[in-house]
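Asker: Below: one structure in structure tokens.
The values are calculated or read from the model by the stated rules, or taken from the named source; none is laboratory data. What you see is a predicted model; the values in this text were computed from it and never measured. Glycine also receives a Cβ, built like all others from the backbone with ideal geometry; neighbour counts cover every protein chain displayed.
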Amino acid sequence: MAPQKIPDRVLPDAPATRPLERFWPYTDLAEEPSEDELAKLDPDLREAIYGPLNLPFSVSLRFPAFEGERYERAVHLARASDEYSETESEGRRWHRARFFTHDRPMRLRDLYLIVATVPDNEVLINDRRVPYARELWLPLVWLLIR
């Protein structure tokens with residue numbers, strides 16, 4: 001018995017309906033994300049999509065909005081950082097300030113002294129939670145202050 005021949009063409013010669021010509025509704029979007037959009041991405045997601053970044057050593061401070069007169073000063077110092085972003089999570093506003101510590105470590109220290117007592121604040125090394133970030137890494141950065 002001869003094997004059955006599979007037809008080359010799957011579609012019929014005369015289709016029953018005509019396809020609609022539609023265009024993508026967002027034709028004006030940029031092909032590449034902006035620097036602000038990249039800064040707001042989660043570091044793990046950014047690395048998975050674009051590969052590892054070739055950035056210098058950095059320390060990031062992440063802190064929630066808090067009550068008091070020091071809050072405005074903390075936000076002002078955070079906005080003066082090398083990279084700054086605000087996010088909303090679980091009904092709270094979070095601020096993340098990233099500092100490349102090679103040139104001016106005093107900016108990082110000034111902000112840390114304000115937000116160190118704020119509950120739920122985080123110190124991130126190269127955007128990662130690492131053990132002893134407060135106890136070891138920050139004092140090493142303080143050694144750069146002249």
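Asker: Being modelled with pLDDT under 90 and not in a loop (DSSP other than H, G, I, E, B) is the requirement here; does Pro139 meet it?
Answerer: Considered against the rule, which asks whether it is modelled with pLDDT under 90 and not in a loop (DSSP other than H, G, I, E, B), Pro139 comes out as yes.
Asker: In the range 54-108, what residues are over 18 Å from Asp36 (Cα atoms), hydroxyl-bearing (Ser, Thr, Tyr), touching a helix residue (DSSP H, G or I) at 6+ places or on another chain (Cβ under 9 Å) and outside any loop (DSSP other than H, G, I, E, B)?
Answerer: Tyr71
Asker: Tell me yes or no: at least one residue of the range 112-132 is of a type outside the set (Gly, Ala, Ser), closer than 27 Å to Glu47 by Cα and in a helix (DSSP H, G or I).
Answerer: Scanning the range 112-132 turns up at least one residue that is of a type outside the set (Gly, Ala, Ser), closer than 27 Å to Glu47 by Cα and in a helix (DSSP H, G or I).
Asker: If you don't mind, another one. Mind listing just one residue for me: the one in the range 89-101 that is modelled with pLDDT of 90 or more and surrounded by fewer than 18 Cβ atoms within 10 Å (Cβ to Cβ) and, of those, nearest to Arg146 (Cα to Cα)?
Answerer: Trp94
Asker: Where residues in the range 102-146 are of a type in the set (S, T, N, Q) and either more than 19 Å from Leu55 (Cβ to Cβ) or in contact with a Phe, Trp or Tyr (Cβ under 6 Å, 6 or more places away or on another chain) (or both), which of them is surrounded by the most Cβ atoms within 10 Å (Cβ to Cβ)?
Answerer: Among residues in the range 102-146 that are of a type in the set (S, T, N, Q) and either more than 19 Å from Leu55 (Cβ to Cβ) or in contact with a Phe, Trp or Tyr (Cβ under 6 Å, 6 or more places away or on another chain) (or both), the one surrounded by the most Cβ atoms within 10 Å (Cβ to Cβ) is Asn121.
Asker: Return yes when Pro33 is at pLDDT 70 or above, over 30 Å from Tyr112 (Cα atoms) and either under 13 Å from the mean Cα position of the chain (by Cα) or not in a loop (DSSP other than H, G, I, E, B) (or both) and no when it is not.
Answerer: Taking the combined requirement at face value, the residue satisfies it.
Asker: Further, regarding this structure: Does at least one position in the range 100-110 carry a residue that is more than 18 Å from the chain's Cα centre (by Cα) and polar (S, T, N, Q)?
Answerer: Among the residues of the range 100-110, at least one is more than 18 Å from the chain's Cα centre (by Cα) and polar (S, T, N, Q), which makes the answer yes.
Asker: Something else about it: Residues that are hydroxyl-bearing (Ser, Thr, Tyr) and closer than 13 Å to Ser58 by Cα: does the range 100-111 have at least one?
Answerer: yes
Asker: Consider Arg46 carefully, then state whether it is surrounded by 10 or more Cβ atoms within 10 Å (Cβ to Cβ), at pLDDT below 90 and either closer than 30 Å to Pro139 by Cβ or out of contact with any helix residue (DSSP H, G or I) (no Cβ under 7 Å at 6 or more places or on another chain) (or both).
Answerer: Here the answer is yes, as Arg46 does meet what is asked.
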